[in-house]
Every structure is written in structure tokens, then in C-alpha cells.
Amino acid sequence: MNDSPAPPNRDTLTHLDAEGGAAMVDVAGKPDTSRRAVARGLLRCSPKAFRLLTEGGNPKGDVQQVARVAGIMGGKRAGELIPLCHILPAASVSVEIEPDPSLPGLRATATAGISGRTGVEMEALTAVAIALLTAYDMLKAVDRSMTIDSVELIEKAGGRSGEWKREAAG
């Protein structure tokens, strides 16, 4: 009896070569199409840290603005940070940072877009993660118990798989 695992299904796992090893997807033959992705995430912090980020006075500067710019920079560099992610030229990345007193903390939303041969989901997700990590770094002297969570893709459009939207919770 053969107990070896079945070979990977190339239709579902696109980052595998014929032998099952990690490989970058070849997009050379694909046409350029308009692509867009939106991701979001949360940073939860103490009331004291929340006051600093909303009222100012943080010694490291304006948390929201620095986190927004860091997120944009991070999204543009996703292909350098993630081993099998394509490096995309001229992808647009925007990041919105919104304080939310109900958390308390921040909600980050990133939108990435490109006319290209591969999607921009990783750029949007990376932008959110870097924005939230930057906010954490700027507030950690006040609150080391902060958490970053719910980093998720909420929609994508374009390419062969078309449009996708995360279903609303509840």
C-alpha cells in the first residue's frame, strides 16, 4: 500500500511546480486587465493610547498620518516582502485610518489598484498590516497590550476570477 500523499492539485494551489515545490506563478501570457482589491484590519488599544492618537500629544508624532503613509509605502513593496508575490509596477495604494472609540482603537482600510496581469490583494493586505504595525510602534510606549486583528480581504475585482466580496458578518 502506498502511504505517500497525493500530488498537489495545480488547479487549486497555483504556487506549486510539477513536483509540488514552491514556484512563482507565470503571468506572462495573461492580458492586462483592471484589478482592484480592498482590505481592512483593526488595532485595539487602551483608552489612554486612544486619547493620544485622537487628541495628539504623542511624542512620536501624528499616529494616523504616519500610519497612513507607512501603509501606502508597505503596499507598494508587497512583492519585495512576500516571496512568491509579483512585484507590480505603478500599482496605486490608498489607506484610510479611522479612530473608533467603540474598540477603542483604529480601523484601517486599504485599496489597491492596477492595470496588469495579476491581482493586487497582497498589496491591499500588506498596506493594512503595515499601517497597523506602524500605529502599534508609535503607541507601544503607552500600551504594550495592543492587538492587531481581523486583517482581511473584503473585496476584489478583475482578472479571470472576476469579482468577489466578503459576506457581511451576522
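To the nearest 0.05, what FRET efficiency results for residue 160 and residue 32 with a Förster distance of 22 Å applied to their C-beta separation?
Efficiency computed from Cβ-Cβ geometry: 0.95.
With Rg and the Kirkwood Rh both taken from Cα atoms, where does Rg over Rh land for region 72-143?
1.05
With θ set to phi - 60° and the Karplus curve 6.51 cos²θ - 1.76 cosθ + 1.60, what are the ³J(HN,Hα) couplings of region 95-106 in order, to the nearest whole Hz, using x for Gly and Pro?
Each residue of region 95-106 in turn: 9, 10, 10, 10, x, 10, x, 6, 6, x, x, 10 Hz.
Could you give the alpha-carbon Rg of region 33-158 over 2.2 N^0.38 Å, rounded to two decimals?
The reported ratio for this selection is 1.06.
Skipping prolines and chain starts, which residues have an amide H placed within reach, meaning under 5 Å, of the one on residue 166, given they are 5 or more residues away or on another chain?
Amide H neighbours of residue 166: 155.
Between residue 87 and residue 137, what is the FRET efficiency for a Förster distance of 22 Å, r being their Cβ-Cβ separation, to the nearest 0.05?
Computed FRET efficiency for residue 87 and residue 137 comes out at 0.30.
Give the lysines reachable from residue 76 as a straight Cα distance under 19 Å; neighbours fewer than 8 places away on the same chain don't count.
The qualifying lysines are 156.
Read the figures in this text as sums done on the coordinates, not as results from a lab. Everything quoted here is computed from the prediction, not taken from an experiment. Cβ sites come from the backbone with ideal geometry, for glycine too, and all protein chains shown count toward neighbours.
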